[in-house]
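The values are calculated or read from the model by the stated rules, or taken from the named source; none is laboratory data. What you see is a predicted model; the values in this text were computed from it and never measured. Methodologically, a virtual Cβ is constructed for each residue, glycine included, from the backbone with ideal geometry; neighbour enumeration extends over all protein chains shown.
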Amino acid sequence: MKPDVPPRLLLVYPATHKLGWARWFQLPSFSLQMVAAATPPNWEVVMADEVHDHIPFDGDFTLVGITAMTHQAVRAYKIADAFRAKGIPVVLGGIHPTVLPGEARLHADAVVIGEAEPVWEGLLDDLLAGRLRDSYRAPIPTGNRLTVPRARREILAGRRYLTTKTLQAGRGCPYDCPFCTVTNYFGNTFRYRDPEEVLAELRSFNRGLMVFLDDNLLGDPERAKPILAGMKGLGLRWGGQANLRFAEDPELIRLVAESGCAGIFVGIESVTGSHANHPKTGSRYTQADLIKRIRDAGIVVEASIIFGFDDHDEGIFEKTVRYLEECKPSLPTFHLLTPYPGTALFRRFDEEGRLLHKDWKRYNHSEVVYRPRLMSAERLYRGWIEARKEAYTWPAVLSRVLANPHGRLTTLAYNVLRKGPNDLLGREEPCNG
Ligand code: B12
């Protein structure tokens, strides 16, 4: 390396398809902002968000770091191969390289397994000293405190996003749902940051829309409450995801409403059985009761449904739509079960020979990538589309709006935004099976 020239790091967020104007309504990669934050100040950090930018393949970089969720992995590997062909070393990190480090290593000089913060500075030192190792494994987090620097938002400059005011109050989740990657890799505890530090960062946002990127913001009510209480009067409207069980606690519901919640995302997962969401629904209240409590507090609740569990037969779509008509979450969303590598679900389907392929770019929640047990892959795909359309007919939308006495306009707006794409459904290729 030339003396006096700072080392240059390029951080890449790979895109899987062109988004057009919808790119202005995305959230920027928080993963890369945190990798940037963990980078020592003597490094110059540049970001390429492929949703917005061309990748600067001809740039002069000391190192390229690329993040990848599973659906981005194929593109990430292509970008990595191109930089390595030019002699620039590449590090891959993020959830997909974490769960399949051996595969990622075929396209990278080093792989970061798990969180960057504990290992990143050491990796950069090793690189500059010419002793880069194949992989750097962060310990699986334990304890209930999270100590991380603030995200480095300046790397986002020059692009337009829905908001750049995003942060995590905590990481990790103890529930260990079979279809989710979080518990195995980010620890089985809720690790929260110091509430004062979170509030200081929130105050720096200076009003407007912000989004919490926690796995489960309200997972530990007693630790979430001081943060919410401190948000009152900050002029922030916020969104985030949580477990429906937060609605068991009237004080927590009140604090969520008073702190400026614009909408909360909860996983209902399946309206049948207890297999999908058992630990989360071990509640003395029904999901419908909890949803009603949230609505009554004037909070918009987005309820996520997954189709394709092993006890789902062809009747599941109708059953789910009727259930939603009864409990009326402000905004239902529907996903196809996707067995992500690194999950118990993936291991089981793989052992049972039920994976249709391992073409990672198609592991995107919108294609059936495995053989369902009680219906064909084709039927599952069609049922998913039918349910989405049926849940977004005007009568269905209006009944949800009327059931949300304190947030009718917002609920209507969110529903109309979701209705548009749902009405256009059914024109794509059906599925893979
Ligand atoms: C917040 C979140 C979102 C936000 C993303 C906001 C944003 N742009 O940042 C939203 C709601 C938009 C979202 C959408 C989706 N998400 Co999401 N999301 C999460 C969640 C809860 C947190 C991610 C996060 O920001 N964490 C904070 C950062 C700091 O942590 P991190 O990403 O792990 O990064 C750290 C390390 O991994 C590592 N690292 C990461 N990248 C790199 C790169 C380098 C070079 C290095 C060295 C290290 C490194 O260092 C970082 C700092 O410690 C995770 C769950 C989880 N805990 O991972 C799911 C998760 C990432 N999402 C998931 C999925 C499936 C999706 C969707 C595909 C869902 C869908 N139905 O559409 C979409 C995809 C959207 C897209 N852009 O293409 C899955 C991914 C599984 C997989 N194997 O791919 C996860 C793991 C949840 C799960 N149930 O398993 N998501």
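General remarks:
- Residue under evaluation Asn144, criteria (1) under 18 Å from Phe190 (Cα atoms); (2) in contact with a Leu (Cβ under 8 Å, 6 or more places away or on another chain), criterion not met: (2)
- Selection within segment 224-246 - modelled with pLDDT of 95 or more and in a helix (DSSP H, G or I): Ala224, Lys225, Pro226, Ile227, Leu228, Ala229, Gly230, Met231
- Test: residue in segment 98-108 that is aliphatic (A, V, I, L, M), within 11 Å of the ligand (Cβ to nearest atom), free of Cβ contacts under 8 Å to residues at least 60 places away in the same chain and surrounded by 17 or more Cβ atoms within 10 Å (Cβ to Cβ): yes
- Count of residues meeting criterion [hydroxyl-bearing (Ser, Thr, Tyr) and assigned to a helix (DSSP H, G or I)] in segment 321-361: 1
- Residue satisfying condition, being crowded, with 16+ Cβ neighbours inside 10 Å, closer than 30 Å to Leu398 by Cβ, within 16 Å of the ligand (Cβ to nearest atom) and not assigned by TED's automatic domain parsing to the domain that holds Val99, within set Pro332, Pro341: Pro332
- Any chance Pro118 is touching a residue at least 24 places away in the same chain (Cβ under 8 Å) and either in a helix (DSSP H, G or I) or within 13 Å of the ligand (Cβ to nearest atom) (or both): no
- Answer residue from segment 11-58, given it is free of Cβ contacts under 8 Å to residues at least 40 places away in the same chain, surrounded by fewer than 17 Cβ atoms within 10 Å (Cβ to Cβ) and in a loop (DSSP other than H, G, I, E, B) and is farthest from the ligand (Cβ to nearest atom) among those: Asp58
- Answer from Leu128, Leu123 - the residue that is over 21 Å from Ile55 (Cα atoms) and surrounded by fewer than 17 Cβ atoms within 10 Å (Cβ to Cβ): Leu128
- Arg295 being touching a Leu at 6+ places or on another chain (Cβ under 7 Å), within 20 Å of Arg418 (Cβ to Cβ) and outside any loop (DSSP other than H, G, I, E, B): no
Every residue, every condition in (1) closer than 30 Å to Val51 by Cβ; (2) over 19 Å from the mean Cα position of the chain (by Cα); (3) of a type outside the set (Ser, Thr, Tyr), yes or no:
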site	(1), (2), (3)
Gln168	yes, no, yes
Thr181	yes, no, no
Phe186	yes, no, yes
Arg191	yes, no, yes
Pro195	no, yes, yes
Arg203	yes, yes, yes
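- Matching entry among Thr189, Thr163 (being among the β-branched types (Val, Ile, Thr), touching a residue at least 24 places away in the same chain (Cβ under 8 Å) and surrounded by fewer than 18 Cβ atoms within 10 Å (Cβ to Cβ)): Thr163
- In segment 286-301, the residues that are in contact (Cβ under 8 Å) with a residue 60 or more places away in the chain reach residues that are assigned to a helix (DSSP H, G or I) and aliphatic (A, V, I, L, M) with C-beta atoms within less than 7 angstrom, at least six apart or across chains, in these pairs: Ala297/Ile253; Ala297/Ala257; Gly298/Ala257; Ile299/Val256; Ile299/Ala257.
- Each residue in segment 71-97 was checked for being on the phi > 0 side of the Ramachandran plot and more than 12 Å from the ligand (Cβ to nearest atom), and 1 of them qualify.
- So Thr62, is it hydroxyl-bearing (Ser, Thr, Tyr), at pLDDT 95 or above and closer than 20 Å to Pro6 by Cα: yes
- Residue check, Gly315 buried (at least 23 other Cβ atoms within 10 Å of the Cβ) and modelled with pLDDT of 95 or more: no
- Filter result for Ile306 (buried (at least 21 other Cβ atoms within 10 Å of the Cβ) and not in a helix (DSSP H, G or I)): yes
Yes or no, residue by residue, for (1) more than 27 Å from Met210 (Cβ to Cβ); (2) away from the ligand (no atom under 11 Å from the Cβ); (3) modelled with pLDDT of 95 or more:
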residue: Gly122; (1), (2), (3): yes, yes, yes
residue: Asp126; (1), (2), (3): yes, yes, yes
residue: Ala129; (1), (2), (3): yes, yes, yes
residue: Arg133; (1), (2), (3): yes, yes, yes
residue: Pro141; (1), (2), (3): no, no, no
residue: Asn144; (1), (2), (3): no, yes, no
residue: Arg150; (1), (2), (3): no, yes, yes
residue: Arg153; (1), (2), (3): no, yes, yes
residue: Gly158; (1), (2), (3): no, yes, no
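- Some residue of segment 374-391 being more than 24 Å from the chain's Cα centre (by Cα), under 19 Å from Leu425 (Cα atoms) and among the polar types (S, T, N, Q): no
- Among the residues of segment 355-364, none qualifies, meaning not one is surrounded by fewer than 20 Cβ atoms within 10 Å (Cβ to Cβ), assigned by TED's automatic domain parsing to the domain that holds Arg203 and within 25 Å of Ala396 (Cβ to Cβ).
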